[in-house]
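Undergrad: Here it is, the structure, as structure tokens.
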Amino acid sequence: MTPKGKLVIIAAIASVCLFGQPPEAKAAGQEIHQTAPQGRSANQKACPSPDVVENVLGKASDLMEHARYQVAAEKLEPLSSLGCDARISLLLAGALESEGKPPEAEQTLQRAHLKWPSNDSIAASLAREYLHDGQTDKALQALAHFHVSNDTRPQEMEIAVVVYLAAHKLVPAQAVADADYRSHPSVDTLLLLANVLQLQGRYPDVNRLLGSKRESYSDSPKFLITLAESEYDASIYTAAHNDIERALLLDPSSFQAHYILGNVLVRLGDPDRAVTEYREAIQLAPDQPRTYFQLALVLRTKMDSAGEESALNQALAADNHYAPAHCEMGRMLIEQGRFEDAVIHLNSAVEYNPNSEEAYFLLVRAYAKLGQKDKAAAMEKRLVTLLKSNRPGQVK
């Protein structure tokens, strides 16, 4: 997301009353140091009056609208340090981030979160920062007191859902996505809820949910793409084919639509056209390893070993951590008698996906072919342990 995009979100979260009706106030140097009315607690006596706070918020917002982020930050920082109003810290974080100072923005949110741990706006903003940095655990911790209410904004709920999904917390993700859709019904909130249900494997529920809204969103490519994907996962291939073709008529440039159509065509027994769709998807989004992988699988059925290996190499060039491509490469190398090379790829496959039964099975074969009986036995033991874990009660 661009800095401007993040600014829009943060500014919206910060306050809905930053614009309009800014009260008159003293000069900037006096605004910050105006004493609070009597009756406030000792730690609030340094805070200016509410009118002054609103005035500073309004001026800072106007400055940010004109891309004067540094000036806005300078106006907000003194008030933020007083801890008088959560919106000040939120807006300051937005100004600092837009100014190109993400560490300072994150520190501002951290301080604000310590003071207002139950403030959903601050929690969501801090969680977004942590998730952007790849710190999923910290993002989840930031949402420890997140509680949807009538005042929770859509942006905050959407951030919470994304964090919960990244942390594999599907139950709270569904709860928040459902609340978001009920409070703010739209195609975006509907599809957010549908995506959470898809991740739970609840394809019939997704199909019922989206099917009930087909007339409302029949001209929305993203709606049709999500519906077609769920229909595909539920093995309703003809319906998926019709919906994804309709999506492509509306948006021929959609990578995801071409990719899903390729998958559907494979199931409908048209591998040649599937190859065409996968190649089109690659042209539109060459950084997606899953497309190369699916292309490789189709080329395998067409007995095109060279094409399959090339597609797998492209998948790994796009993402060397993509476990399915390592696993398939290992299988292919075993068939070619290149057992040492196969072991390298298969060990990468189990490193990046420790739950891959196929990768462990193939490792047993590869080590056995190399005459490394101890390693083959070790992999067989790990495979049995994995099978028992994946299929409790079925494997002894």
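Undergrad: By counting other Cβ atoms within 10 Å of each Cβ, how are 364, 196 ranked from fewest to most?
TA: 364, 196
Undergrad: Label-point separation (nm) for residue 287 and residue 341, each offset 7 Å from Cα along Cα-to-Cβ?
TA: Each label point is offset 7 Å from its Cα along the Cβ direction, giving 2.9 nm.
Undergrad: Please list, in order along segment 245-252, the HN-Hα scalar couplings obtained from phi with the Karplus expression 6.51 cos²θ - 1.76 cosθ + 1.60 (θ = phi - 60°), rounded to whole Hz, x for Gly and Pro.
TA: Taking θ as phi minus 60°, the curve returns 5, 5, 4, 6, 5, 7, 8, x Hz for segment 245-252.
Undergrad: Further question on the same structure: Magnitude of the Cβ-charge dipole of segment 203-285, K/R +1 and D/E -1, about the Cα centre, nearest 20 debye?
TA: Dipole about the Cα centre, nearest 20: 100 debye.
Undergrad: Are there GluC sites (Glu not before Pro) in segment 337-373 that DSSP marks as loop and that have at most 11 other Cβ atoms within 10 Å, and which are they?
TA: Within segment 337-373, no GluC sites (Glu not before Pro) qualify (loop, at most 11 other Cβ atoms within 10 Å).
Undergrad: Still on this structure: Can you give me the angle between helix 357-369 and the longest principal axis of the chain, using Cα atoms only, in degrees from 0 to 90, rounded to the nearest 10?
TA: For 357-369 against the chain, the angle is about 50 degrees.
Undergrad: When only C-alpha pairs under 8 Å and at least 6 residues apart count, what is the relative contact order of segment 145-194, in percent?
TA: 31
Undergrad: Quick check: pseudo-label points 7 Å beyond the Cα along Cα→Cβ at residue 388 and residue 136, how many nm apart are they?
TA: 2.7
Undergrad: So, one more: Rank the residues 171, 56, 71, 384 as a footprinting-exposure proxy: fewest other Cβ atoms within 10 Å of their Cβ go first. Before the final figure, lay out the partial values.
TA: Values: 171 10, 56 26, 71 16, 384 13.
Fewest-to-most ranking of 171, 56, 71, 384: 171, 384, 71, 56.
Undergrad: Follow-up. What ranking of 374, 62 emerges when the number of other C-beta atoms within 10 Å of each C-beta is taken as an exposure proxy, fewest first?
TA: 374, 62
Undergrad: To continue, here is another question. Return a whole-number percent for the relative contact order of segment 203-285, with Cα pairs under 8 Å and 6 or more residues apart as the contact set.
TA: So the answer I get is 24 percent.
Undergrad: Where the only charges are on Cβ atoms (+1 Lys, Arg; -1 Asp, Glu), what is the dipole of segment 300-396 about its Cα centre, to the nearest 20 debye?
TA: Dipole magnitude for segment 300-396 comes out near 560 debye.
Undergrad: Turning to a different aspect of this structure: In debye to the nearest 20, how big a dipole does the chain give about its Cα centre with +1 on each Lys and Arg Cβ and -1 on each Asp and Glu Cβ? Don't skip to the end; give the middle numbers.
TA: Working: 40 positive and 50 negative charges, 228 e Å.
Around 1100 debye, computed over the chain.
Undergrad: If I model a spin label as a point 7 Å beyond the Cα along the Cα-Cβ vector, how far apart are those points for residue 107 and residue 215 in nm?
TA: With each label placed 7 Å out from Cα toward Cβ, I get 5.8 nm.
Undergrad: OK, next. Could you derive backbone 3J(HN,Hα) for segment 210-221 from the dihedral phi with the Karplus parameters 6.51, -1.76 and 1.60 (θ = phi - 60°), listing whole Hz in sequence and x where the residue is Gly or Pro?
TA: Values per residue, Gly and Pro as x: 6, x, 6, 10, 4, 5, 6, 10, 5, 9, 9, x Hz.
Undergrad: What pairs from 75/101; 169/381; 302/369 go past 19 Å between their alpha carbons?
TA: Pairs exceeding 19 Å: 169/381; 302/369.
Undergrad: Take the Cβ-Cβ distance between residue 184 and residue 147 as r, set R0 to 22 Å, and report the resulting FRET efficiency rounded to the nearest 0.05.
TA: With R0 = 22 Å, the Cβ-Cβ based efficiency is 0.85.
Undergrad: Here is a follow-up. What does the helix-only formula give at 222 nm for the chain: each DSSP H stretch with n ≥ 4 adding -39500 (n - 2.57), the total divided by the residues, and the result rounded to the nearest 500 deg cm²/dmol?
TA: Calculated from helices alone, the mean residue ellipticity at 222 nm is -22500 deg cm²/dmol.
Undergrad: Cα gyration tensor of the chain, axes a ≥ b ≥ c as square roots of the eigenvalues: rounded (a/c below 1.5), prolate (a/b > b/c) or oblate? Working shown, then result.
TA: Working: a/c = 2.54, a/b = 1.95, b/c = 1.31.
Prolate, since a/c reaches 1.5 and a/b exceeds b/c.
Undergrad: Follow-up. Taking 0.36 nm per intervening residue step and subtracting the Cα-Cα distance, what contour gain separates residue 74 from residue 302 on full extension?
TA: Details: separation 228, 0.36 × 228 = 82.08 nm, distance 6.45 nm.
My answer for the length gained is 75.6 nm.
Undergrad: Also, I was wondering about something else. What's the FRET efficiency of residue 268 with residue 313 using the Cβ-Cβ distance as r and R₀ = 35 Å, to the nearest 0.05? Spell out each step's value before the answer.
TA: On the way: r = 28 Å, r/R0 = 0.80.
Computed FRET efficiency for residue 268 and residue 313: 0.80.
Undergrad: Of the GluC sites (Glu not before Pro) in segment 176-263, which ones lie in a loop per DSSP and count no more than 10 other C-beta atoms within 10 Å?
TA: 215
Undergrad: For the Cα atoms of the chain, what angle does the longest principal axis make with the long axis of helix 323-335, in degrees from 0 to 90, nearest 10?
TA: The angle comes out at about 10 degrees.
Bear in mind that the values in this text are calculations on the coordinates, not laboratory data. This one's a predicted model, so the numbers in the text were calculated from it and none came from an experiment. Virtual Cβ from ideal backbone geometry, glycine too; neighbours counted across all protein chains shown.
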